[in-house]
Structure formats: structure tokens, C-alpha cells
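Participant: Before I ask anything, let me first share the structure, which is written out below as C-alpha cells.
Only the coordinates and a few stated rules stand behind these numbers; no lab work does. Quantities reported herein were computed from a predicted structural model and do not represent experimental measurements. Because the Cβ atoms are built from the backbone with ideal geometry, glycine has one as well, and the counts that use them run over all protein chains shown.
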2 protein chains.
Amino acid sequence: MKPIRIGILGLGTVGQSVARALLERRDLLARSAGAPLVLQRAVVRDLDKPRAIPREQLTTEIARVTEADDIDVVVELMGGLEPARTVIEAALSRGKSVVTANKRVVSWHGPSLLSLAAKKGAELRYEAAVGGGIPLIAPLLDDLAANRLLELRAIINGTTNYILTRMAAGDTLDVALAEAQRLGYAEADPSDDVDAVDAADKLAILVRHAFGLTVPPREIFRQGLRGLDPRDIAYGREFGYALKLLALARRGTNGIEARVHPAFVPIAHPLARIDGAQNAVHVVGDLCGPVMFSGQGAGGDATASAVLADLLHVSRRMALGDPAPTVRDFGPEPKLAPLAEARTRCYFRLAVEDQPGVFAQVTQVLAQQSIGLASVLQREPGKMGSAEVVLLTYAAPEAALASAEEQLARLSCVRAVRARIRVEGGDSGGAA
Amino acid sequence: MKPIRIGILGLGTVGQSVARALLERRDLLARSAGAPLVLQRAVVRDLDKPRAIPREQLTTEIARVTEADDIDVVVELMGGLEPARTVIEAALSRGKSVVTANKRVVSWHGPSLLSLAAKKGAELRYEAAVGGGIPLIAPLLDDLAANRLLELRAIINGTTNYILTRMAAGDTLDVALAEAQRLGYAEADPSDDVDAVDAADKLAILVRHAFGLTVPPREIFRQGLRGLDPRDIAYGREFGYALKLLALARRGTNGIEARVHPAFVPIAHPLARIDGAQNAVHVVGDLCGPVMFSGQGAGGDATASAVLADLLHVSRRMALGDPAPTVRDFGPEPKLAPLAEARTRCYFRLAVEDQPGVFAQVTQVLAQQSIGLASVLQREPGKMGSAEVVLLTYAAPEAALASAEEQLARLSCVRAVRARIRVEGGDSGGAA
């Protein structure tokens, strides 16, 4: 059998795992692909760093992978938008299939790169871009393809899930973040994770495959962890909820809702039990009903598992001499629904003056916005001299909830709206 | 585009769901397949039963599907071993690809039918045979293909999981079973489910795809629900466990362990939270780590979702003119490990005389078999005049545990060994 010759761009944690697997599990991979997979060459920045890969297979020249006649498939593991995008484009332009774990490039440029691939008879795959080692893209695209998907809710950023798990145990955001950094889960500059940039990128990829909606990640509403207080997690638990950074998409009457933000999830919901750095995607199809996939969302070997799965898909096809698949037709493109129309239950925490009449004023604001009140918790004044009121509303449009927040903040008896957190998947009056 | 012409054998619940989808979601399916999917003909027993499918598309003659020139793909949904097996063989022999949901046929005759398919240039797919609407076969075979799988633990019989969920709430087996029958989860003769025959069939299919081991279902150790008492579930909960009918396979030093039996699972393990008629498969790969798939294991629409996924796979390939894939080479066939060598923790419930020295005798038996004692619960005598002792051991070989059970039953102070239940996935001394 003619071997499939592979070039890797980038030998970081994932790249090294992929390279090691190609060298160490040749038989397993060859049997699965129907042809030997050969690590032909890898591009690195520093040739002298000690590595398990023989020096003669290393190069610093990207073109020796993207433009070389002896490379059949390119594995891009450089990360970041550029030069990764340009490099993928260069490889596809030469008809080389590309496997990548690059969520940034795929979320921003996936559609145009897929078109380019199809035009050149090449294939672009990116199972590892979302959910690390969990099979997601292929199941959504192929195994659930007969369904109209109704809803997708995902925990797709392990760093923030780890931080929230720590905060649920009482840590502040700063302490939990420092611990995440110490463990290598979070970067020195953690904003991509903490501000939900990473999760929005991944949601854009999922939304395209689940709902056929192509949306630039910047158009997805996104709110990160900043400002969250462990007290909100504790209050939420009293109401029967766990706090998660949820990436959510839902088929609505006015298009596809897509947003990423902290959300309270009922404790009985399987997503509520996804703790630590784990990832999970929960989808509801009109035929299959609810299906959940969970596992390790990051890590060298877990991500390599997904990269290698893609490599095997491409290699199997090449070994059989089959042409690259055409671009999947998702049908009429739906619209992104406006956030203002999204209906959710909502949790408010207010710091209020410890005086009579507070309740009447607060409930009047909600009534004006036609927001039903489901539960109330009131705590006696603490050190700050102000009492706390925690409200849980019935489902209402985002626009009404945002107006209510503004008006509550302006009440003389309200010192501050300390938190407004959406609730997803409640069973009474909820949006689920 | 040339249409893919489909013949369905059997219009029961699943068959009707598949037929309805083919008629009602033509655009969605055609876009995904790259060619129109046409329901050409369906074989039924009774032509006069009212159905949504036009009468002229119905026939009672199987050959009008399996031997007809105007059928490209055959969907077998008759269930049971015969005539289903013969019919699948007939279709494959004529080079027609077959999609089936038939776990019995696939578990007993999968390998020979796959060989026949490959010889005839046809394809045999059976995603719906295990786990209903949950994508399992394709993810195991393709998306986790780079892994050496280490362990697979599954809840793959919704009926028994429903019964155990009821028993956890205090129902006896008989009451829970009657309720399952009333809801249509269990058959009038429930032995296939209750005696774990169905789960063993499905495990045989999973074991082949996860570990490359071809094992006839009858060689898989299987123990069903008979004899289980809700009290054992209650005691187990005190130790921190939930009781599940677990289908389990594990790579051991002497081959692949494969068995189906009730097992205590730590409450914190994700499988412990799979309740009601749900299914879940939890696998551990050497690269991907733990991954879990969960969802609806049965039901017309959920199973149709998997059947249609297979139909789309076959149709996509035919639309591109690609040949059928060759039989996957799983490499050197491993052995089925002997049950006697399987190591598990174990739960015993003994009815004992309420007299001094019981404990010394019981612990001596365990010590003789080199079985460590992890926990003990003793209850005062109840109505039966005998006291109960509940033991939880450390991990020990099955052979030693079985000997201990026999010897305990023979002690004069022991009236009966009321229960012996294996514990899977404990974190101290466990086999996990």
C-alpha cells in the first residue's frame, strides 16, 4: 500500500503527541487507515530543542511542508490566526488535505477554506478544534444528520469550567484563576478564556454544523466570568442550580439564538455535573431526542486523538482512491436571532437599603416589564451595611430583563445590582 | 442526481419512523446525502393495516425488496434472528447495501455478513443496533480509532435501567417490571431484557468494535436482575454506590474481559446518573481519556435517527461513486479473558443467626480467600428472626469471591447469602 506522507506544522504539546503516535503506533494506524501513515517532516521554530523526533525530519521552513511534493496531508498545529490561516490556504491551494486543531482559523475562515479545499480536490478537517478528544464534529455532521437539531448547549472551555468548579467550592475568581494558571489550564493572559472569546469561537463552529448558520464569532453575544462572585454560586445552589459558562444555540421562531455567558443550569441536568476541566456538548434533535457527549476538552494526547481521527478519515479515503467530499450543503441559511428576543429565566442579586418598602419597589419594576417573580431570598445586612435580595424570575425576553436591571439600579433603595445571571433549562416557565 | 432507491423490510415502530422521515424530510436528507433518497417499497405482513405510506408502495413479498433491480439499499427492521439473517444475506449477495437495527443478527453473524458484503462490493451498517439514537459504532470505529481502548462500561438496556431506577425508589423487581410492561418498555415475556440477553448481544457488538474481539454472545458472562432486592440498592447507597446493569469490557493481561451483570457504580461516576430508560457508553482510550456518550437507547424516532444516519453514509458514498469500504482490519485477535481472573470489589448481604461469633466466622472465610474487608454494616434482626450483615470487600479475583460465597453459605451461623453484587470503578483497591 502506498504510504500517506504527513507533514506537521508545530511541535508543541499536541504536535508532539501526534508525532509520537505516528511513530509509536504504526500498525494500529495503518490497519485503520488501510495504508501506512508516515511522519515525513515537521516544522519547528527551534531545531535544537531536544525532541523524540529525529533531527533530519525537522525543518524551520514552512514551505517544506506546505509546498513539498513528498507531503500528502498537512497537520496544522501552530495555533492563532496568522500565519496559520495563510499556511492552511497555501497547503489547500496545492491540493493537499489539511487537518487542524485551530479553532480561531476555523471559526473565522472555515467556510472560505472549505470552499477552497473543495475547489482544489482537497479536504479540510478540524475535529480537534472543539471539545479536544470528544468526537463532536463528525457526530453532528454525519451521525445526527437526519435530525433537525433544536438546541445545543455546551461547556466547551475547560479553563473556565475549572474556575467555576473552584468558585463553587468558595474560591473567589482571582484565587480560582491563579490556581488554574498554576496548573497550566490558563494562560498568563487569561482573557481569551475568561472573557469567553475561546468559547464563542468554538460555538461559531458548532452552530455552523448543527444549524447551518455561518456567523462570525464577534456577532455572538458573549459574556465571561468577570464580576462573578462565589456568593451567586451559593445562592444559585439554594435554588437548585449550578453555574456554568454555557455556549448555547437554539432554533427559534426568528432564527438561531447563539450566545455564550454564565448560566444557571438545574442541578439534575447532566451538564450541571460536568466539573473541572471537562467538556460536554448536549444536543436535542427532533428524532434522536437529547444526546450528550462528554470528555476531556484539552490536553496533548486527547487533542491528538481527534487530530489522528481526522488523519485516519483522510488517509482511508486516499487509500481507497476516493475523491475528497464536496462541501456539505446546509440548505437555506438561517438568521442569527436578535439577543433582545431571547427568553430566559433570570437571577438578580441586589444590594439594598435595609428599610421598609424595598420589596414593593423592586417587584413593581418587574411587574412593569411583565416579568413574573418565581422565588425570593432575602438576607440580613452584612458588614457592608446593606441587605441582599436575590430574585429568580420566570422566563422573559432579554430586552425586558435588561430594562429591569437598569431600572432596578436606579431605585433609591437599591445600592447596586450585584449580579444578573441567566437561567437555562428550568422546567417551569423556562426557555428550555 | 441519481436517486438512491430504498426498500424497507418491516414497518413496525422504527420502520414507520424511517418511512415517515424519508417522505417528510426529503430536502434535508437529499442535501446531506448529495442525492435524493427515495422510499421505493416496503415489505409488510398485513397490507390492509392503515399506514401513512401509499398502498402501492407496500408488498408482502420480501424478494421484491431483496431481489428487485429497482432497490439500491435495503433497510432491515424485522428484528429477531430469522428470517432477518437470511434476508440480509440475500440482499448482500445481490450487491445491495444493507442498513439494519438488528442487534441479534449483528451480534451473532456480523463478521460473516461483513465479509459477504465486502466480497459483493456492498456495505453493511448497524449504528441503530446498539444505543438507539446515540452515535456509538461510528465514533468507536472512526473517531476514536487512533486509541487503544482500555475499558468500556455501558448501560445499554433501557428496560432494565428503568426497572433499577424504580427499584432504587423502593419498588420490588416484580412491581417495577409490571410498570415497565405497562409503559411498553418491557415485553410480555421480559426475559431477553431481565436476563441480560439483549445487553450481552449488544456488548458483543461493542467489544468487536472497541477491542477487535469477536465473541459469540453466549460466551459472555451474563447475569440479569432476577433475585435483586431493593434493600441491596438501599444498602449500596449507604456505601456511596448506585446499582446498574453494566455491560463491561476491559483490556487485561490475559485478554479482554467482557461481562454483563448488576454492578455497584460510585455515585460520583457519570454512569450512576443515567436514569430511567436512558443509555450511556463510557469508554477510556489511552489517548482521549474517558469519553461518554449518552441519550435515548430506544424508541421509534431515536432508532430511526441512527438508521437514517447509516442510510446517509451509504447514500453519500454511492452519490460520489465511491466503492464500498473494505472490512476493517482489527489486527491480531485478542482472547476473551476467563471470568475467574476478573478482579472486582464485591458486596455481600448475608442473613445470619443473631448469635455471638458470627463476625469471626465470616471474616475468617474472607481471610482464607485473601479477600480484604473494606466496610461492614450490621442490622438488627427483622421479622424473619435473622440479622443481616452487609460486607464490602476490596478487589479480589472472581474465583476467590465465588469460593467465599459458597463457604459463607455453608457456615452454620449463616442462613443464606442473599446477595453478591460486583462493584465496578471504586477508587480504593478497585478494578478501575
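Participant: Across the residues of A:268-274, average count of Cβ atoms on other protein chains within 10 Å? Walk me through the intermediate numbers first.
Facilitator: Details: counts 2, 0, 7, 0, 1, 4, 1.
For this peptide, the per-residue mean of nearby foreign Cβ atoms is 2.
Participant: To continue, here is another question. Can you give the Rg to Rh ratio of the range A:137-296, both from alpha-carbon atoms, with Rh computed by the Kirkwood formula?
Facilitator: Working: Rg = 15.5 Å, Rh = 15.9 Å.
When Rh is taken as the Kirkwood radius, the ratio is 0.97.
Participant: How many angstrom separate the Cα center of the range A:290-312 from the Cα center of the range A:1-80?
Facilitator: Cα centres, the range A:290-312 to the range A:1-80: 19 Å.
Participant: Against the globular-protein guess of 2.2 N^0.38 Å, express the Cα radius of gyration of the range B:38-129 as a ratio, rounded to two decimals.
Facilitator: On the way: Rg = 13.0 Å, N = 92, 2.2 N^0.38 = 12.3 Å.
Ratio of Cα Rg to 2.2 N^0.38 Å: 1.06.
Participant: When you look at the Cβ of every residue in A:145-156, what mean number of other chain Cβ atoms sits within 10 Å? Don't skip to the end; give the middle numbers.
Facilitator: Numbers: counts 12, 20, 10, 2, 0, 0, 0, 0, 0, 0, 0, 0.
Mean inter-chain Cβ contacts per residue within 10 Å come to 4.
Participant: Running a GNM on chain B with Cα contacts under 10 Å, which residue among B:PRO338, B:PRO135, B:PRO323 ends up with the highest mean-square fluctuation?
Facilitator: Top of the fluctuation ranking is B:PRO323.
Participant: With a 10 Å Cβ neighbour count serving as the proxy for reagent exposure, in which order, fewest first, do B:CYS288, B:CYS346 appear? Intermediate results must be reported in sequence, preceding the final value.
Facilitator: Numbers: B:CYS288 28, B:CYS346 25.
With the sparsest Cβ surroundings first, the list reads B:CYS346, B:CYS288.
Participant: Hey, fewest Cβ within 10 Å first, where do B:GLU24, B:GLU353 land in order?
Facilitator: Numbers: B:GLU24 11, B:GLU353 16.
Going from least to most buried by this count: B:GLU24, B:GLU353.
Participant: So which aspartates and glutamates pass the test for A:LYS120, namely a Cα distance under 17 Å, with those fewer than 8 places away in the same chain ruled out?
Facilitator: A:GLU67, A:ASP69, A:ASP72, A:GLU89, A:ASP322
Participant: If you don't mind, there's one more thing I want to ask. Measuring nothing but label to label, 7 Å from Cα along Cα→Cβ, what are A:ALA52's distances to the other copies in nm, shortest first?
Facilitator: Its label point is 5.3 nm from the equivalent points in the other copies.
Participant: From the label point of B:PRO338, set 7 Å from Cα along Cα→Cβ, how far away are the matching label points in the other copies, in nm, ordered shortest to longest?
Facilitator: 7.4
Participant: What average number of partner chain Cβ atoms lie no more than 10 Å from the Cβ of the residues making up A:301-313? Intermediate results must be reported in sequence, preceding the final value.
Facilitator: Numbers: counts 7, 7, 2, 4, 11, 5, 2, 7, 9, 3, 2, 4, 3.
Mean partner shielding for this stretch: 5.
Participant: Take the alpha carbon atoms of the range B:134-199, find their center, do the same for the range B:206-280, and report the distance between the two centers in whole angstrom.
Facilitator: For the range B:134-199 versus the range B:206-280, the Cα centre distance is 10 Å.
Participant: Hey, another quick one. Beyond 56 Å, what percent of the Cα pairs of the protein assembly as shown remain?
Facilitator: On the way: 49227 of 372816 pairs.
The share of Cα pairs beyond 56 Å in the protein assembly as shown comes to 13 percent.
Participant: Another question about this same structure. If you line up the long axis of helix A:173-182 against the longest principal axis of chain A, both from Cα atoms, how many degrees apart are they, to the nearest 10?
Facilitator: 20 degrees
Participant: 7 Å along Cα→Cβ for the label point: how many nanometres lie between A:ALA409 and each equivalent label in the other copies, listed shortest first?
Facilitator: 7.2
Participant: Moving to a separate point now. Among B:LYS202/B:LYS244; B:LYS244/B:LYS335; A:LYS202/A:LYS244; A:LYS49/A:LYS96; B:LYS103/B:LYS335, which pairs are too far apart, with a Cα-Cα distance over 19 Å? Could you put the intermediate results ahead of the total?
Facilitator: Values: B:LYS202/B:LYS244 16 Å; B:LYS244/B:LYS335 26 Å; A:LYS202/A:LYS244 16 Å; A:LYS49/A:LYS96 28 Å; B:LYS103/B:LYS335 22 Å.
B:LYS244/B:LYS335; A:LYS49/A:LYS96; B:LYS103/B:LYS335, as the Cα separations exceed 19 Å there.
Participant: Follow-up. For the range A:339-423, take the alpha-carbon Rg, divide it by the Kirkwood Rh, and send me Rg/Rh. Walk me through the numbers before you get to the answer.
Facilitator: On the way: Rg = 12.1 Å, Rh = 12.7 Å.
Over the Cα atoms of the range A:339-423, Rg/Rh equals 0.96.
Participant: Take the rotation relating chain A to chain B, measure from its axis to every Cβ in chain A, and name the nearest residue with the distance in whole Å.
Facilitator: Per the A/B rotation axis, the closest residue of A reads A:ASP322, 2.
Participant: Using +1 at the Cβ of each Lys and Arg and -1 at the Cβ of each Asp and Glu in the range A:137-296, identify which of A:THR172, A:ILE274, A:ASN157 lies farthest towards the dipole's positive end.
Facilitator: Value computed over the given set: A:ILE274.
Participant: Which translational diffusion coefficient, to the nearest whole µm²/s, is obtained for chain A from the Stokes-Einstein equation, given a Kirkwood hydrodynamic radius over C-alpha pairs, 20 °C and 1.002 mPa s? Intermediate results must be reported in sequence, preceding the final value.
Facilitator: Values: Rh = 23.2 Å.
In µm²/s, the coefficient rounds to 92.
Participant: Same structure again: Relative contact order, percent, of chain B when contacts are C-alpha pairs under 8 Å separated by at least 6 residues? Walk me through the numbers before you get to the answer.
Facilitator: Values: 923 pairs, mean separation 69.2, N = 432.
Computed value for chain B: 16 percent relative contact order.
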